[in-house]
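Note sheet for the following structure.
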Amino acid sequence: MKRFHFPLRPVAVVRAHKELRAREALALALRGLADAEARLSACRTRSGELEGLIAAGRGQRLLAAAALAGQQAYLEARAAEGEAEKQVVAARVEMLRRRAAGVEANRELKVIRRLEDLAREKHRTESQVAAQNEIDEIAGYRAFRNRSPL
């Protein structure tokens with residue numbers, strides 16, 4: 001019997017490529033989320049340090065210029081922390097979107113692979129039937145040829 005040929009092979013290649021790109025995009029989104037969370041952690045650490053400095057300075061003599069500079073630095077750190085929180089949320093949304101796209105691409109690829117498996121099984125069954133028919137034909141021919149005349 002002839003070799004197996006899957007007519008949807010180009011579709012399978014395209015879907016496999018799409019799934020690979022989706023996995024790469026998910027990896028980038030996860031990296032972006034990790035970076036955003038690291039920035040947020042650094043901002044929170046900086047804000048905590050400034051809070052500690054401000055609290056420590058309350059028991060000492062008030063220096064208006066130093067207090068104003070410390071307060072300004074604290075407000076800037078809190079603003080940076082708020083921006084970092086927004087970036088974490090945006091990165092998490094992007095990661096979830098990329099994950100959904102990856103799941104969908106994987107589903108599409110699995111459909112094609114199932115179709116290919118079914119086609120291979122059908123081809124295997126047809127090959128076995130054809131081989132059995134050939135064996136039966138040879139056996140019948142031999143039986144007819146070896147038959148003794150009555």
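The values are calculated or read from the model by the stated rules, or taken from the named source; none is laboratory data. Keep in mind that what you see is a predicted model, and the values were worked out from it rather than measured. We place every Cβ from the backbone using ideal geometry, glycine too, and count neighbours over all the protein chains shown.
Please enumerate the residues belonging to the stretch 80-97 that are surrounded by fewer than 15 Cβ atoms within 10 Å (Cβ to Cβ), more than 22 Å from Arg46 (Cβ to Cβ) and not hydrophobic (A, V, I, L, M, F, W, C). It would help to see each step written out before you state the result.
We begin by selecting, within the stretch 80-97, every residue surrounded by fewer than 15 Cβ atoms within 10 Å (Cβ to Cβ); these are 82-83, 86, 89-90, 93, 96-97.
Of the ones still in play, those that are also more than 22 Å from Arg46 (Cβ to Cβ) are 93, 96-97.
Hit for the stretch 80-97 is Arg97, nothing else.
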Fill in the blank from the handout: Picking from Arg3, Arg21, the residue that is more than 30 Å from Val129 (Cα to Cα) and among the basic types (Lys, Arg) would be Arg21
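Restricting to the stretch 1-36, and then to whatever is charged (D, E, K, R) and not in a helix (DSSP H, G or I), can you tell me which residue is nearest to Gln87 (Cα to Cα)?
Arg3
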Completion exercise
Out of (1) in a helix (DSSP H, G or I); (2) hydrophobic (A, V, I, L, M, F, W, C); (3) more than 30 Å from Lys18 (Cα to Cα), the one Leu62 does not meet is (1)
Handout entry: Flag for Gln72 being closer than 30 Å to His5 by Cα, surrounded by fewer than 13 Cβ atoms within 10 Å (Cβ to Cβ) and out of contact with any Asp or Glu (no Cβ under 6 Å at 6 or more places or on another chain)
Key = no
Practice task
Return the pairs, sorted by first residue and then second, in which the second residue is part of a helix (DSSP H, G or I) and at pLDDT below 95, the first residue lies in the stretch 85-109 and is at positive phi and among the polar types (S, T, N, Q), the beta carbons are less than 9 Å apart, and the residues are 6+ apart or on different chains.
Solution key: none
